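The values are calculated or read from the model by the stated rules, or taken from the named source; none is laboratory data. The model shown is predicted, which means the values in this text are computed figures rather than measured ones. So basically every Cβ, Gly included, is an ideal-geometry build from the backbone, and we count neighbours across all protein chains shown.
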Amino acid sequence: SIATEHVARLAQSPTRREAPSGMAMSITRLGRGPEHGRAGMGVNQEPRRAALGWPPPREELLLLQSTAEQLRQTALQQEARIRADQDTIRELTGKLGRCESGLPRGLQGAGPRRDTMADGSWDSPALILELEDAVRALRDRIDRLEQELPARVNLSAAPAPVSAVPAGLHSKMDQLEGQLLAQVLALEKERAALSHSGRRQRQEMEKELDVLQGRVAELEHGSSAYSPPDAFKISIPIRNNYMYARVRKALPELYAFTACMWLRSRSSGTGQGTPFSYSVPGQANEIVLLEAGHEPMELLINDKVAQLPLSLKDSGWHHICIAWTTRDGLWSAYQDGELQGSGENLAAWHPIKPHGILILGQEQDTLGGRFDATQAFVGDITQFNLWDHALTPAQVLGIANCTAPLLGNVLPWEDKLVEVFGGATKAAFDVCKGKAKA
């Protein structure tokens, strides 16, 4: 430029020292340099200036003013670029903050990209790949800014205010790059973990499918290897006071109930004993079904007794149902699906107490024990179910003729809920199939 060439000519002059810079140089050129002392007031220096090839003072002043204006404009442009770079840094910092606080939220507001949150869960591999692409795009933008910043800084002629900018920007860029790299590594680890978890889940599903296919094959070929959880019976072969089965599930408070079971008595003497008894603290005879000696079968509720017109003396399988409600103490007795008798005023308005002990095959004289061999049941018991309401006659008939099996809603007949003691046995058995064969 013209200003640069003029400064070079001044530096080659033997009669002048090297000018400092800026306005000090213009003062020297106006004849106020240190080698002249005071300004030559009224002295005409035009011949000497012309001999040295200097422009007239007025032109020189205009030239210096133009140069100063150019420097000022350059400084303003550089300041605008620095502000733009600072805005870019703030934008990248904000995006990084959104990445750290949860990339899906940040990505939803970052542009018109497809909303991946609606397509699947945050654990989907497609979403993780899209997040990695977004992070890589941010890293590329930072790299471009790092390459452009040194060139922008070199354009400035005023080094003082700009000299600290590149170092600060590079430090910030290094921090952002490190954080983004850490985020990318975390995403890659998460994707690997998801892939491993997906393989494990796939293997577990394949195993479950194999088990189900095996069961289906067994059912199709009539295999007896698989039995439903309610296809078993309890057997007590001899009369004693130590063989019994205990139900593990506690009963709630009941205002009505229906107890149904299949029984096959093998008693050789008089009396069929006690198919089941339920005792609670303070009342050993909360619910008892028994036949002792030559007496008919009886139902005891809170030590109150009702005689039932039921008979199990032929050594065959019989379906027995007892229904009772606290309202007026109404009761009904069914055998093989047919109503045999009913009555009222059996422990009326007395609720069945909860958290007692239910025993199959023995009568309890105390809570959970002190059995009497003369009151023990001898034979087989299966499908003991308990409901918290009175079943209808049609429901009882459907269970008895095996056309509409129904599990109890309070106590279902399940293998895991019944435990045997004293030599009583538990064996696989389907009463409906057994009756058909018989």
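Brief remarks follow.
- Sole exception among (1) aliphatic (A, V, I, L, M); (2) touching a residue at least 24 places away in the same chain (Cβ under 8 Å); (3) more than 20 Å from S315 (Cβ to Cβ) for A427, by number: (3)
- When the residues of region 292-331 are filtered to those that are acidic (D, E) and in contact with a strand residue (DSSP E or B) (Cβ under 7 Å, 6 or more places away or on another chain), the one that is nearest to Q375 (Cα to Cα) is E298.
- Tabulated pairs, region 238-260, first part of a loop (DSSP other than H, G, I, E, B), second among the basic types (K, R) and crowded, with 18+ Cβ neighbours inside 10 Å, C-beta under 9 angstrom, 6+ apart or interchain: L251/K353; E253/K353
- Condition check for L289: touching a strand residue (DSSP E or B) at 6+ places or on another chain (Cβ under 6 Å) and under 16 Å from V378 (Cα atoms): yes
- Where strands (runs of 3 or more DSSP E) fall wholly inside region 344-415, the ranges with 2 or more residues that are over 24 Å from A428 (Cβ atoms) and either modelled with pLDDT under 95 or in the same structural domain as P281 (by the TED database) (or both) are 364-366, 369-371.
- Hits in region 333-353 (condition: touching a Leu at 6+ places or on another chain (Cβ under 6 Å) and either among the β-branched types (V, I, T) or closer than 17 Å to D388 by Cβ (or both)): I352
- Residue under evaluation L289, criteria (1) surrounded by 21 or more Cβ atoms within 10 Å (Cβ to Cβ); (2) in contact with a helix residue (DSSP H, G or I) (Cβ under 9 Å, 6 or more places away or on another chain), criterion not met: (2)
- Residue list for region 250-271, filter: under 24 Å from A347 (Cα atoms) and of a type outside the set (A, V, I, L, M): P252, E253, Y255, F257, T258, C260
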